[in-house]
Amino acid sequence: MKKTVFWCVVTACLLFFSYTAAAQSDFKIGVVDLQKCIAESVEGKRVYNELKSKKDAMQKQVDKKQDELLKISDMLEKQSMMLSMDAKEDKAKEFDRKKREFKYMYEDLTEEMRKAEAEARTRLIGELEGVVSEIGERDGYMLLFERRSSGIMHFGKVIDVTGEVVKLYDQKKRKGK
């Protein structure tokens with residue numbers, strides 16, 4: 001909450017001062033939506049597909065273990081009348097052990113996926129920040145705001161440089177390969 005209020009105040013001040021400065025010189029302000037850049041760029045789509053494949057593979061592991069647990073549970077239920085007390089106890093312990101293994105595996109896979117997503121996002125945003133900086137320098141922008149983190153709720157399409165960032169980022173990635 002405090003962070004949002006801070007950014008709103010900073011944005012308001014900058015806009016106020018930009019009007020006075022604009023009267024005196026050529027003062028350009030722009031807005032970029034980094035989330036949209038990630039979603040629309042070739043590299044962002046590739047990373048998304050890579051993460052989706054990884055998540056699907058992990059989901060298959062989870063489903064396999066879950067099916068195993070269901071089979072053991074069904075078997076316990078069906079054979080409970082025919083098994084001796086010791087055998088029932090052994091099967092119940094095995095079921096509990098497999099349930100704990102499943103829980104730990106699920107938590108590990110969830111954490112692994114969260115880390116992979118965070119690393120990919122950090123890398124993409126770092127690369128995009130470089131592109132935004134380059135566009136700012138090249139085109140003479142005094143300020144370029146990130147749409148979501150700066151608290152900007154509305155802006156004119158004239159100052160939106162998101163498409164330009166995606167285009168330049170894709171060009172750089174093609175050249176880098």
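The values are calculated or read from the model by the stated rules, or taken from the named source; none is laboratory data. Note that the coordinates shown come from a computational prediction; the quantities given were computed from them, not determined experimentally. Ideal geometry is used to build each Cβ from the backbone, glycine not excepted, and the neighbour counts take in all protein chains shown.
Do any helices (runs of 4 or more DSSP H) entirely within the range 1-88 hold 3 or more residues that are modelled with pLDDT of 75 or more and closer than 25 Å to V132 by Cα, and if so, which? Walk me through it before giving the result.
On the way: elements: 2-24, 34-40, 42-79.
By residue number, 34-40, 42-79.
Taking the range 119-174 as the region of interest, how many residues are part of a helix (DSSP H, G or I), β-branched (V, I, T) and touching a strand residue (DSSP E or B) at 6+ places or on another chain (Cβ under 6 Å)? Walk me through it before giving the result.
Looking only at the range 119-174, we keep the residues that are part of a helix (DSSP H, G or I), and these are 119-139, 157-159, 162-174.
Applying the additional criterion that residues be β-branched (V, I, T) yields 122, 125, 131-132, 135, 158-159, 162, 165-166.
From what is left, the residues that are touching a strand residue (DSSP E or B) at 6+ places or on another chain (Cβ under 6 Å) are 132, 159, 162, 165.
Within the range 119-174, residues that are part of a helix (DSSP H, G or I), β-branched (V, I, T) and touching a strand residue (DSSP E or B) at 6+ places or on another chain (Cβ under 6 Å) number 4.
Against the definition (in contact with a helix residue (DSSP H, G or I) (Cβ under 9 Å, 6 or more places away or on another chain) and among the β-branched types (V, I, T)), how does I135 come out, yes or no?
Working: in contact with a helix residue (DSSP H, G or I) (Cβ under 9 Å, 6 or more places away or on another chain): yes; among the β-branched types (V, I, T): yes.
Yes; evaluated as a whole, the condition is true for this residue.
Checking I135 against (1) modelled with pLDDT of 90 or more; (2) within 22 Å of the chain's Cα centre (by Cα); (3) crowded, with 16+ Cβ neighbours inside 10 Å: exactly one of these is not met. Which one?
(2)
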